[in-house]
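Read-outs: derived from the displayed coordinates by stated rules, not from any lab. Bear in mind the structure is a predicted one, so any value in this text is a computation, not a measurement.
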Ligand code: FES
């Protein structure tokens, strides 16, 4: 995963980047999308980023 990916905006509603989500998952051992929402705010708006958050969770917790 390169640094460009980290700057990708995953949640447009809340302005949360991929890097922020990855760091939260790693540092707090997050498992579910709900965990990520509680921690970062991502996914608490229109919910259209749920699938992307799922993908990042799978990628990091593989
Ligand atoms: S884009 Fe994440 S809640 Fe809308």
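For the chain, the average shadow cast by the Cα convex hull is 3.5 nm², which is a quarter of the hull's surface. When you restrict to C-alpha pairs under 8 Å that are six or more residues apart and normalise by the size of the chain, the relative contact order lands at 33 percent.
A helix-only calculation puts the chain at -15000 deg cm²/dmol for mean residue ellipticity at 222 nm, using -39500 (n - 2.57) for each DSSP H run of at least four residues, averaged over all residues. Fully extending the segment from residue 61 to residue 23 would add 12.5 nm, taking 0.36 nm per residue of separation and subtracting the current Cα-Cα distance.
Multiplying the residue separation of residue 50 and residue 12 by 0.36 nm and removing their Cα-Cα distance gives an extension gain of 12.5 nm.
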